[in-house]
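The values are calculated or read from the model by the stated rules, or taken from the named source; none is laboratory data. For clarity, every value in this text was computed on a predicted model and none was experimentally measured. Here the Cβ positions follow ideal geometry from the backbone for every residue, glycine too, while neighbour counts run over all protein chains shown.
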Amino acid sequence: MLRLLALLVNTSSALRLANKIQKSVDGVVMCLTCGDVPHLNQNMSFRRLPKRCGPQSEEIADMWNMVKKLPVVSDKFVQHTYQTMYGIFLMPWRTSEKGPKLLEIGLGCDMGYGPGASVQAWQAILPTVELWEAEYNEACVNVSRQNGKLSDDVHTVTGDQGNPIVVDRWVQESGGNYDIVIDDGGHHNSQIKTSFDHLWPHVNPGGLYFMEDLQVGRYPSWDDTEGHAVMSDILQLWTEQLLINSEAQLKRHSNMEIVQKHSLPKDVDFIFCQHEACVIGKQKQDFPDKEWK
């Protein structure tokens with residue numbers, strides 16, 4: 001009798017899961033996150049995997065197919081192919097009933113096609129997003145409001161991302177607790193680092209921090225650190241500290257003074273890089289028996 005009840009419960013769970021998988025929006029199957037999948041009996045398995053759920057290449061392709069239909073396609077997806085990292089990391093959020101809370105630095109006021117292209121992309125990709133846009137040019141924000149490029153459900157903060165007082169004000173005005181931060185702002189190394197230092201503590205566990213156009217920090221006209229704190233170099237030092245879990249081994253680094261100056265921020269779980277950009281993931285769950293401390 002108990003076995004029969006367990007079978008009925010598991011069968012019901014499997015049917016609800018199958019029905020949920022079949023739902024789609026704009027031709028894109030709404031894939032489930034791992035947390036949504038019920039624990040099925042080992043004998044209960046799907047013989048047919050749901051279409052477009054699983055392979056990351058499909059998630060990337062789905063994102064491109066969505067954004068390329070927009071009236072204005074951001075250079076993020078054309079020149080820079082950031083659909084790679086955004087397809088992998090943002091598409092699982094697509095089926096969320098609430099959120100994510102997303103802060104993007106850089107409205108695109110200096111782009112030839114005008115501001116707001118990425119706003120359209122985030123709203124198309126993430127239907128329930130709570131979207132905040134941080135922009136240096138306050139006049140551009142006001143004009144965008146007036147001409148309808150920024151709807152009432154897009155929140156804005158303004159000021160220089162390289163000023164820690166300004167960034168702290170953004171956190172206060174927006175309430176922090178970000179699931180996603182995207183830095184597509186001024187691209188100067190000091191601006192990127194200042195923004196990260198003051199926003200990372202307000203990223204939720206399991207959250208994501210994207211940095212775009214990191215190649216720009218290598219250009220002499222854009223590097224405001226004279227080569228001493230290029231963000232690409234800092235990310236590589238952080239990655240080194242992720243890879244080498246022994247403090248004794250790390251001390252053998254060729255330039256330990258620089259490593260100590262740019263120590264790995266607290267709660268960094270991973271760093272994923274693609275062409276010209278990286279995403280930093282924040283630890284959500286601790287595992288006491290892990291090798292590193």
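Entry remark, the stretch 134-146: residues being within 18 Å of Asp213 (Cα to Cα) and touching an Asp or Glu at 6+ places or on another chain (Cβ under 8 Å) number 2 in total. Every test in (1) within 16 Å of Leu102 (Cβ to Cβ); (2) crowded, with 16+ Cβ neighbours inside 10 Å is passed by Ser151 save one, and that test is (2).
In the stretch 62-173, counting only helices (runs of 4 or more DSSP H) that sit wholly within it, the ones holding 1 or more residues that are in the same structural domain as Trp200 (by TED's automatic domain parsing) and closer than 20 Å to Phe272 by Cβ span 83-90, 117-125. Pairs meeting the criteria (first residue in the stretch 51-67 and farther than 17 Å from Pro127 by Cα, second residue modelled with pLDDT of 85 or more and of a type in the set (A, V, I, L, M, F, W, C), beta carbons under 6 Å, at least 6 apart or on different chains) are Gln56/Ile88.
A single entry from Ile234, Ile244 fulfils the requirement of being farther than 22 Å from Val157 by Cα and at pLDDT below 95: Ile244.
Closer than 23 Å to Gly206 by Cβ, in contact (Cβ under 8 Å) with a residue 12 or more places away in the chain and among the hydroxyl-bearing types (Ser, Thr, Tyr): does that describe Thr158? Considered against the rule, which asks whether it is closer than 23 Å to Gly206 by Cβ, in contact (Cβ under 8 Å) with a residue 12 or more places away in the chain and among the hydroxyl-bearing types (Ser, Thr, Tyr), Thr158 comes out as no. Whenever a residue of the stretch 166-185 is under 18 Å from Val119 (Cβ atoms), its partners that are basic (Lys, Arg) and assigned to a strand (DSSP E or B), lying with C-beta atoms within less than 9 angstrom and at least six residues away or across chains, give the pairs Ser174/Lys101; Tyr178/Lys101; Asp179/Lys101; Ile180/Lys101. Can you tell me how many residues in the stretch 39-66 are modelled with pLDDT of 50 or more and in contact with a Ser or Thr (Cβ under 7 Å, 6 or more places away or on another chain)? Of the residues in the stretch 39-66, 1 are modelled with pLDDT of 50 or more and in contact with a Ser or Thr (Cβ under 7 Å, 6 or more places away or on another chain).
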